[in-house]
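Colleague: Below is a structure I'd like to ask you about.
What follows is calculated from the coordinates using simple rules that are stated; it is not laboratory data. All values reported here derive from a predicted model rather than from experimental measurement. We place every Cβ from the backbone using ideal geometry, glycine too, and count neighbours over all the protein chains shown.
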Amino acid sequence: MSEYKFLININEVKKGTPRQVKMGLKKLTVYFNGEKYFVFDSHCPHARADLTKAKYDKNQVKCHWHGYIFNLENGEGKGNNFHLKLYKVKIEDDKIFIKEKKEEKEDLLLFPEVKFKGDKNDK
Ligand code: FES
């Protein structure tokens, strides 16, 4: 089970302006909508556009490449089957800490059961 890890100081994230932060090999985006901090993978789950350049409105982001919309509360795509990878956020002493969320849907998308015509197991 993963623990919360320090990401960035609160004063480095401006309201309404997404901020990209590298954590190891990952590029994450931190977004503060004035009420809540959201942290998620910077790459759009559709075709990997950099979501720090996307359009934000309250608790959703609209990718600037193909216009797909994602809910920042649950990562769900609006009218699409893609899912934004979110992180759990904890604020302590004006610092933002994050923890990986288990994304069941993402696992299903990464390893779908695929059958090919003519497969031995194809019936
Ligand atoms: S890359 Fe984001 S909607 Fe296509």
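Colleague: Order these by the 10 Å Cβ neighbour count, fewest first: R48, R19. Walk me through the intermediate numbers first.
Modeller: Values: R48 11, R19 17.
Going from sparsest to densest Cβ surroundings: R48, R19.
Colleague: For the cross-link pairs K27/K55; K53/K90; K22/K90; K62/K90; K15/K102; K27/K99, which exceed 22 Å when the distance is taken from alpha carbon to alpha carbon? Please list the in-between numbers first.
Modeller: Numbers: K27/K55 18 Å; K53/K90 24 Å; K22/K90 18 Å; K62/K90 25 Å; K15/K102 27 Å; K27/K99 14 Å.
Beyond 22 Å between Cα atoms: K53/K90; K62/K90; K15/K102.
Colleague: Could you give each residue of the stretch 81-94 its phi-based ³J(HN,Hα) in whole Hz, using Karplus coefficients 6.51, -1.76, 1.60 with θ = phi - 60°, and x for Gly or Pro?
Modeller: 9, 7, 9, 7, 7, 9, 10, 6, 10, 9, 9, 8, 6, 6
Colleague: Work out how far the C-alpha atoms of the stretch 1-77 reach from end to end along every principal axis, then list the three figures in whole Å, largest first.
Modeller: Principal-axis extents of the stretch 1-77 (Cα, largest first): 32, 27, 21 Å.
Colleague: Among T52, T29, which comes first, second and so on when ranked by fewest other beta-carbon atoms within 10 Å?
Modeller: Working: T52 18, T29 23.
In increasing order of surrounding Cβ atoms, one gets T52, T29.
Colleague: Amide H to amide H under 5 Å from Q60: which residues, 5+ apart in sequence or cross-chain, H placed 1.01 Å off N in plane?
Modeller: L72
Colleague: Moving on. Express the Stokes-Einstein translational diffusion coefficient of the stretch 31-71 in µm² s⁻¹, to the nearest whole number, given a Kirkwood radius over alpha-carbon pairs, 20 °C and a viscosity of 1.002 mPa s. Walk me through the numbers before you get to the answer.
Modeller: Values: Rh = 10.3 Å.
Answer from the Stokes-Einstein relation: 208 µm²/s.
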